[in-house]
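Here, each number is a calculation from the coordinates, and none is a lab measurement. Computed from a prediction, not measured in an experiment: that's the story for all the values here. Please note: Cβ atoms are built from the backbone with ideal geometry, for glycine as well, and neighbour counts cover all protein chains shown.
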Amino acid sequence: MLDSLTQRQVPRFGREHLFINGQVEGGQGPELKVSFPLTGETLLDLRTADARQVEGALQAARSSFDSGV
């Protein structure tokens, strides 16, 4: 898949993946079930980030903010 603005290749990722600091990686945290509130039916299962991944995302965000990007 191409980014429409930069025409660069954009990696595909899904419910089990996170996009952190320009990289796609699998979520290492617990599974999160998303349910329909009326029926309780599970709509989808997502993988969440573990503490290391959250820390990496926070560091990337702070670095980007501090550099003005």
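Taking 7 Å along the Cα-to-C-beta vector as the label spot, tell me the Thr48-Asp66 distance in nanometres, rounded to one decimal.
Between Thr48 and Asp66, the label points sit 2.8 nm apart.
Can you list the residues, at least 5 places off or on another chain, whose amide H is less than 5 Å from the amide H of Ile20, using H built in the peptide plane?
Distant-sequence amide H within range of Ile20: Glu25.
Amide H neighbours of Gln28 under 5 Å, counting only residues 5+ apart in sequence or on other chains, H built in-plane at 1.01 Å?
When sequence neighbours closer than 5 places are left aside, the close amide H contacts are Asp50.
Karplus couplings for the range 23-39 from phi (6.51 cos²θ - 1.76 cosθ + 1.60, θ = phi - 60°), rounded to Hz, Gly and Pro as x?
10, 9, 9, x, x, 10, x, x, 6, 10, 8, 9, 10, 7, x, 5, 10
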